[in-house]
């Protein structure tokens, strides 16, 4: 009679084979490095990817529009209507609507095929963020930020990210 543990007799063992334990720490991938164009070794800088736009833990709304000038007025009306729905005393001529219109007109000037408008609120402040979704680097309008700041915003800015929606233009407005 063959042994019950004999694999050639057609019987599988009653216990699984031992496997090695998993490693204590996962292996960290190497960090990317960028060098100075002149090849200077002392000018090495660690390159980190920019964080993506993230609006979390607050009320938010967003709309996507065709990249056309008529989209600006519609975006302003939608932003004002959403702020009214959230309980703020905002009409269609409010600074939030005008601010949204100016940000959208600047995004349309980038030449992309679509734009998106993101609106969020917290502590009686509204964030208006407009993405141009244009691949590549979009030209920067030097007069936009002073024009937006003149509307009485708390903070405003613009930057370019090729992987996250082209040029970002944003403003924070006290309501």
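Annotation: of all residues in the stretch 127-155 being touching a helix residue (DSSP H, G or I) at 6+ places or on another chain (Cβ under 6 Å) and modelled with pLDDT of 90 or more, the one that is surrounded by the most Cβ atoms within 10 Å (Cβ to Cβ) is 130. So for the stretch 65-78 (the condition being in a strand (DSSP E or B) and crowded, with 17+ Cβ neighbours inside 10 Å), does at least one residue qualify? Yes: one or more hits.
The values are calculated or read from the model by the stated rules, or taken from the named source; none is laboratory data. Since we're looking at a predicted model, the values are computed, not measured. Here Cβ is always computed from backbone atoms with ideal geometry, including for glycine, and neighbour counts include all displayed protein chains.
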